[in-house]
1. Determine how many Å³ per residue the convex hull of the Cα atoms of the chain encloses.
2. Just to verify a number: FRET efficiency for Thr121 and Gln1, C-beta to C-beta distance, R0 = 25 Å, to 0.05?
3. Of Arg45, Arg101, Arg19, which has the largest mean-square fluctuation in a 10 Å C-alpha GNM of the chain?
4. Of the candidates Ala49, Ala40, Ala97, which one comes out as most mobile in a Gaussian network treatment of the chain with C-alpha springs shorter than 10 Å?
5. Could you check which residue among Val48, Val92, Val78 shows the biggest mean-square fluctuation in a GNM of the chain with a 10 Å Cα cutoff?
6. What relative contact order, as a whole-number percentage, does the chain give when Cα pairs under 8 Å and 6 or more residues apart are counted?
7. Would you work out the relative contact order for region 69-118, in percent, from Cα pairs under 8 angstrom that are 6 or more residues apart?
8. For region 53-124, with only Lys/Arg (+1) and Asp/Glu (-1) charged at the beta-carbon, what is the dipole magnitude about the Cα centre, in debye rounded to 20?
Amino acid sequence: QVQLVESGGGLVQPGGSLRLSCAASGFTFSSYAMGWFRQAPGKEREFVAAFSWSGGITYAESVKGRFTISRDNAKNTVYLQMNSLKLEDTAVYYCAARPARSGSYIGVNDYPYWGQGTQVTVSS
């Protein structure tokens, strides 16, 4: 079955960096759209960044220029490099997978498969 396991979260000071990883298994990784989402306390889950199944990349405006999504199809892993972290980046970060080869890939409801999440806390 599809499994997504995130890692790399932690506590970091404002301006710092973290790299999140999402190890995928149980499906043909290279054929899936892969996304990162986050959910802060008391807020709805929101889009951060994603690859379409064809390799196109989209970022949320709030993270453009600071975050970079990448994927290693040989390792079945997608990454999120987060630089210049801000207090408002504090959230649980989730990896998600979408098998469809068309349609939207930036909405929460676009993704049927989710990891368990990893906590990122930005605090001084």
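1. 92
2. So, using R0 = 25 Å, E works out to roughly 0.25.
3. Arg101
4. Fluctuation is largest for Ala40.
5. Between Val48, Val92, Val78, it is Val92 that shows the largest mean-square fluctuation.
6. Answer for the chain is 36 percent.
7. So the answer I get is 30 percent.
8. Value, rounded to 20: 200 debye.
Every number here is computed from the coordinates shown, using simple stated rules; none is lab data. Everything quoted here is computed from the prediction, not taken from an experiment. Cβ atoms come from the backbone with ideal geometry, glycine included; neighbour counts cover every protein chain shown.
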